[in-house]
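Undergrad: Got a structure for you, questions after.
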Amino acid sequence: MPKYTTDAIRTVALVGHGGAGKTTLAETLLARAGAIKTPGSVEKGSTVCDFDAQEKAAGHSLNSALANFAWQGVQVNLVDTPGYPDFAGQAIGALAAADTALIVINAQTGIELAAERMMKWSAARNLCRMIVINKIDADNVDLPALVGDIRARFGNECMLLDLPAHDRHDVVEVLGHSAGDADFESVAAAHRALIDQIVEEDENLLARYLEDGQDPSLEELHAPFEKALRAGHLIPILFVSARTGAGIAELLEVLVKLAPNPAEGNPPPFLKGEPGGPVEEFHAVPDPDRHVLAHVFKVVADPYMGKIGIFRVHQGTIRKEAQLFVGSSRRPFKVAHLYKLQGKAAARRSRCDCQSRGNRIRRGTA
Ligand SMILES: Nc1nc2c(ncn2[C@@H]2O[C@H](COP(=O)(O)OP(=O)(O)OP(=O)(O)O)[C@@H](O)[C@H]2O)c(=O)[nH]1
Ligand SMILES: [Mg+2]
C-alpha cells in the first residue's frame, strides 16, 4: 500500500440533501480514478457506499460510508453521508473527519433543507466549503437561476469555478481560462471576478496586479486561494453530472490541486483538563512521531468483527497492539486490528498515522 505524505491527502465529506446524488458522485469519482472498474448504481444496489442491505432496499443512504481513491499521486478520502433529515446525525459526525465539506445540490430541486443546514454546520466547524451542483444533465433545470439563489442565500463569496458548456455536456474551468464558450454567463467575467477575489488575500500580489493588470500564475494563486477558502471568503461553485461524467475531471483537479491538505485546513481545537477543573484549548500537530491524538467519529457493531471504531488521526501513529486511552479514562485498551475501508471492504493495515484518514480500528482488551 503506497504511503502518502500529509500534503498528498485530502479528506472530503459529501453532504447535502437526500437524492442530490452524493452516493452516485462518489461512485463516479471512484470509477474515474480507477479505484473501481465500473460505476455501480443506487437503483441496482451496487454502489460502494450504499452497501448495507437496508440501504439497498430503501434506495438511499442510511449511514455514512468511507471510500478512497488515488489521483495524480494524491490520496482522496471520501465520507459519503445520508441526506435525509432523520439521519442528519451521521452527516454531522462525518464533518469531524473532514477538511473540506462538498455540499452537493440537486440542480433539479435547488437548495433544500440539508444543503442549507450543512452549509451552516460546516461553517460552524470552520471547514473549507465547496458547492457542487449535480444533475446538470437533467431536464427542466435552470442553472443561472440556481446560482442566483445560492448567492442570495449563502452570499456573494459563492463564486463560479467552472461553467457548463456545450449544452451541459461539459464544463469550462474559469480560474485558468479567461475566454471560451459557456452555456450562460461569460467565462471572461467569471474569470475576472474569481481572480479579483483571490488576489485580495495577498497584499503584494494585489499591488502588482493593480499596477500591471497581468493575471498571476496558477502557482501564485494557490496560496491565496487556499487562504480565501479557509477564511470563507471564497466558496467555489462547481457543476457536475454524476451520471454523464460532465465536470468530474475538473472536480478531481480541484480536489487534488486546490482543496486543503490536513495541515492546511482549519484543524479543530481540542480541550485539555481534568473533569470539573479548568480546561485549556490546544491544537494537534500533524506529526507522526508525537503521541497519538485521534477522534473516533463513528462506531459500528459488526456481527462478525464486533465493535469497530472509525477514526481520524490528528497526531501521532496508531500501530497494531498499541495501548491507547479513550478520553480521560486511565485504563488503556489494546488495538486489535487496523483496517482501511472501501465501502464494506476492509483492507488490513499494520499502522495508521496522522497522515492517514478514514481508518477503522478493532478494539481488543488491554
Ligand atoms: N439525471 C441524473 N440523475 C442522477 C445524477 N446523480 C444521481 N442521480 C440519481 O439521483 C438519485 C439519487 O442519487 P443518490 O446518489 O442516491 O443521492 P444521495 O445524495 O446519495 O441521496 P441520499 O443517500 O438519500 O442522501 C438516483 O436515482 C441517481 O441515479 C445525475 O448526475 N444526473
Ligand atoms: Mg446516498
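The values are calculated or read from the model by the stated rules, or taken from the named source; none is laboratory data. Please read all numbers here as calculations on a predicted model, not as lab measurements. Backbone-built Cβ (ideal geometry, glycine too); neighbour counts: all protein chains shown.
Undergrad: Which condition from (1) of a type outside the set (Phe, Trp, Tyr); (2) buried (at least 17 other Cβ atoms within 10 Å of the Cβ); (3) assigned to a loop (DSSP other than H, G, I, E, B) is the one that Thr11 breaks?
TA: (3)
Let's see how each residue does on (1) surrounded by 18 or more Cβ atoms within 10 Å (Cβ to Cβ); (2) at pLDDT 95 or above; (3) assigned by TED's automatic domain parsing to the domain that holds Gly16; (4) of a type outside the set (S, T, N, Q):
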residue	(1), (2), (3), (4)
Glu116	no, yes, yes, yes
His166	no, yes, yes, yes
Val172	yes, yes, yes, yes
Leu175	yes, no, yes, yes
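Undergrad: Filter the stretch 1-50 down to the residues that are among the hydroxyl-bearing types (Ser, Thr, Tyr) and free of Cβ contacts under 8 Å to residues at least 12 places away in the same chain, then identify the one that is farthest from ligand 1 (Cβ to nearest atom).
TA: Thr38
Undergrad: Right, something else. Leu251 passes all but one of (1) within 22 Å of the chain's Cα centre (by Cα); (2) farther than 29 Å from Phe184 by Cα; (3) modelled with pLDDT of 90 or more; which number fails?
TA: (2)
Undergrad: Does the stretch 247-256 contain at least one residue that is among the hydrophobic types (A, V, I, L, M, F, W, C) and without any contact (Cβ under 8 Å) to a residue 24 or more places away in the chain?
TA: no
Undergrad: Related question: Going by what's in this entry, would Glu157 be described as touching a residue at least 24 places away in the same chain (Cβ under 8 Å), on the phi > 0 side of the Ramachandran plot and in the same structural domain as Phe225 (by TED's automatic domain parsing)?
TA: no
Rundown of residues vs (1) in contact with a Leu (Cβ under 6 Å, 6 or more places away or on another chain); (2) within 22 Å of Val240 (Cα to Cα), yes/no style:
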position: Asn140; (1), (2): no, yes
position: Leu143; (1), (2): no, yes
position: Ile150; (1), (2): no, yes
position: Glu173; (1), (2): no, yes
position: His177; (1), (2): no, yes
position: Ile198; (1), (2): yes, no
position: Asp212; (1), (2): no, no
position: Glu219; (1), (2): no, no
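Undergrad: While we're looking at this one, here's another question. Any idea which residue in the stretch 53-67 is farthest from ligand 1 (Cβ to nearest atom), counting only those that are buried (at least 23 other Cβ atoms within 10 Å of the Cβ) and not hydroxyl-bearing (Ser, Thr, Tyr)?
TA: Leu66
Undergrad: Further question on the same structure: Pull up the stretch 71-130, narrow it to residues that are within 14 Å of ligand 1 (Cβ to nearest atom) and polar (S, T, N, Q), then point me to the one that is farthest from Gly155 (Cα to Cα).
TA: Gln90
Undergrad: Also, I was wondering about something else. Within the stretch 112-130, identify whether any single residue is within 19 Å of the chain's Cα centre (by Cα), within 22 Å of Leu218 (Cα to Cα) and either part of a helix (DSSP H, G or I) or among the aliphatic types (A, V, I, L, M) (or both), and answer yes or no.
TA: Yes: one or more hits.
Undergrad: Suppose we filter Arg192, Arg208, Arg230 for residues that are assigned by TED's automatic domain parsing to the domain that holds Asp142, out of contact with any Leu (no Cβ under 6 Å at 6 or more places or on another chain) and under 26 Å from Lys22 (Cβ atoms); which single one remains? Explain how you work it out, then say what you get.
TA: On the way: Arg192 fails: under 26 Å from Lys22 (Cβ atoms); Arg208 fails: under 26 Å from Lys22 (Cβ atoms).
It is Arg230.
Undergrad: Can you tell me which residues in the stretch 268-279 are modelled with pLDDT of 85 or more and in a loop (DSSP other than H, G, I, E, B)?
TA: Residues satisfying the conditions are Pro268, Pro269, Gly277, Pro278, Val279.
Undergrad: In addition: Please work out which one of (1) within 26 Å of Lys120 (Cα to Cα); (2) away from ligand 2 (no atom under 12 Å from the Cβ) is the condition Asp80 fails and give its number.
TA: Checking Asp80 against (1) within 26 Å of Lys120 (Cα to Cα); (2) away from ligand 2 (no atom under 12 Å from the Cβ), the one that fails is (2).
Undergrad: Filter the stretch 17-48 for residues that are in a helix (DSSP H, G or I) and hydroxyl-bearing (Ser, Thr, Tyr) and give the result.
TA: Narrowing the stretch 17-48 to residues in a helix (DSSP H, G or I): 22-32.
Correct list: Thr23, Thr24, Thr28.
Undergrad: To continue, here is another question. Quick one: would you say Ala97 is assigned by TED's automatic domain parsing to the domain that holds Ile235, assigned to a loop (DSSP other than H, G, I, E, B) and surrounded by 20 or more Cβ atoms within 10 Å (Cβ to Cβ)?
TA: Details: assigned by TED's automatic domain parsing to the domain that holds Ile235: yes; assigned to a loop (DSSP other than H, G, I, E, B): yes; surrounded by 20 or more Cβ atoms within 10 Å (Cβ to Cβ): yes.
Answer is yes for this residue.
Undergrad: Surrounded by 20 or more Cβ atoms within 10 Å (Cβ to Cβ) and charged (D, E, K, R), is that true of Glu264?
TA: No: the conditions fail for Glu264.
Undergrad: Something else now. Please count how many residues of the stretch 94-121 are away from ligand 2 (no atom under 15 Å from the Cβ), more than 20 Å from Leu160 (Cβ to Cβ) and of a type in the set (Gly, Ala, Ser).
TA: 3
Undergrad: Does the stretch 178-190 contain any residue that is within 21 Å of the chain's Cα centre (by Cα) and not acidic (Asp, Glu)?
TA: No: zero hits.
Undergrad: Additional query: Select from the stretch 124-140 the residues that are in contact with a Lys or Arg (Cβ under 7 Å, 6 or more places away or on another chain) and among the hydrophobic types (A, V, I, L, M, F, W, C) and write down the one among them that is surrounded by the most Cβ atoms within 10 Å (Cβ to Cβ).
TA: That would be Cys128.
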